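As structure tokens, the structure follows; a few thoughts come after it.
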Amino acid sequence: MRIIHSDDIVMSVKELCIQANRILPEDLKTCLRHACQQEVSPLGKEVLGDIVRNYETAEKLSVPVCQDTGMAVVFVQLGQEVSIQGQDLVSAINEGVRQGYTQGLLRCSVVRDPLRRENTNDNTPAVIHMTMTPGDKLSLTVAPKGAGSENMSSIKMMTPACTERDIIDYVVQAVETAGSNPCPPVVVGVGIGGNFEGCALLAKKALCRELSGSQDSFYREMEKKILEEINRTGIGPQGFGGKVTALAVNIEAGPTHIASLPVAVNMGCHVTRHATRVI
Ligand code: SF4
């Protein structure tokens, strides 16, 4: 067994929270710069220029790229040959989030109860998704998720009688309904398959994937089709009109029941953030 001390996990999660909120992933930055060149609407182009300047300034001044620093979603891949000493893993992750958000001066956006709404003042608890993997490594991905885009997400329990066209229409409609709320240009995470909760998780994972397209050619083609249709809606950057409404559509598919075809859309904004470290 390889021993990892919980102090290393706390430190890593803390640093990942700060990093993810200040520095956008390289591929997202490239997409935004490219979008700025491609946009034909003068106002849309201006907005994209502001978005690029905003992430450059955040990086330079070491401040968050957006005031909504999100709920801390943490994906954990725990090698089965790892033994954790010190605190338990969940406590260590939450301590890392606590330190990251308070010391990194990130806005604390979590309320303890959905109706009584008392702020926990340290952005805990994190939303933790854990999988066991072979080997002796621990992989941590922190994906802060703002509410403007999260609130525009949806799931539909389709049936196997539904066609690819039905799925495309559902995803495009979700983006049209969202309009300017998720701060476009968006990254659209799509989950297809699984069951009710598994499908939503597939869509969330899709937002943490690189923006280079699915490795499965069937789904890569579908991503392209959806992206083209979304960018024909004319919503444009921040909803001011234009041809760049979405930067990417990422589909993650998974096994499902013979009588099911769940489809979930997890909307990501122009600051679709995530940072990963392997210990
Ligand atoms: S949707 Fe994204 S860019 Fe807009 S306020 Fe929320 S986190 Fe910030």
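Of note:
- The alpha-carbon atoms of segment 148-276 define a convex hull whose volume equals 95 cubic angstrom per residue.
- Most mobile listed residue (176, 197, 210) in the chain, GNM with C-alpha springs under 10 Å: 197
- Potential lengthening between residue 27 and residue 103 on full extension [0.36 nm per residue; Cα-Cα distance subtracted]: 24.6 nm
- 274, 129, 257 arranged by Cβ crowding within 10 Å, fewest neighbours leading: 257, 129, 274
- Geometric descriptor of segment 69-170, per residue, is 157 Å³ (volume of the convex hull of the Cα atoms).
- Simple Cβ-charge dipole of the chain, Lys/Arg +1 and Asp/Glu -1, about Cα centre, in debye nearest 20: 340
- Summing +1 for each Lys or Arg and -1 for each Asp or Glu among the other residues whose beta-carbon sits under 11 angstrom from that of residue 142 gives +3.
- Within the straight-line cut-off of under 15 Å between alpha carbons, the aspartates and glutamates reachable from residue 145 are 68, sequence neighbours fewer than 8 places apart in one chain being disregarded.
- Using Cβ point charges alone (K and R +1, D and E -1), the dipole size of segment 1-100 about the Cα centre works out to roughly 180 debye.
- Comparing mean-square fluctuations of 131, 233, 102 from a GNM of the chain with C-alpha springs under 10 Å, the top value falls on 131.
- Residues 267, 222, 1, 157, sorted so that the one with the fewest Cβ neighbours within 10 Å comes first: 1, 157, 222, 267
- Residues with amide H under 5 Å from that of residue 270, placed H, sequence gap 5 or more: none
- Residues considered: 113, 169, 50. Largest GNM mean-square fluctuation over the chain, using C-alpha springs under 10 Å, is found at 113.
- Secondary-structure-derived ellipticity at 222 nm for the chain, considering helices only, amounts to -12500 deg cm²/dmol, per-run term -39500 (n - 2.57) for DSSP H runs with n ≥ 4.
- Pairs from the list 60/225; 45/156; 60/243; 137/243; 205/225; 60/156 with a Cα-Cα gap above 32 Å: 60/225; 45/156; 137/243; 60/156.
- For the chain, convex hull of alpha carbons as volume per residue, Å³: 132
- Local electrostatic count, residue 25, Cβ distance below 10 Å [Lys/Arg +1, Asp/Glu -1]: -1
- Trypsin sites (Lys or Arg not before Pro) restricted to DSSP loop in segment 165-247 with at most 12 other C-beta within 10 Å: 232
- Exposure proxy order (Cβ contacts within 10 Å, fewest to most) of 5, 270: 5, 270
Coordinate-derived values only; no laboratory data. Note that this is a predicted model, so its numbers are computed, not measured. We place every Cβ from the backbone using ideal geometry, glycine too, and count neighbours over all the protein chains shown.
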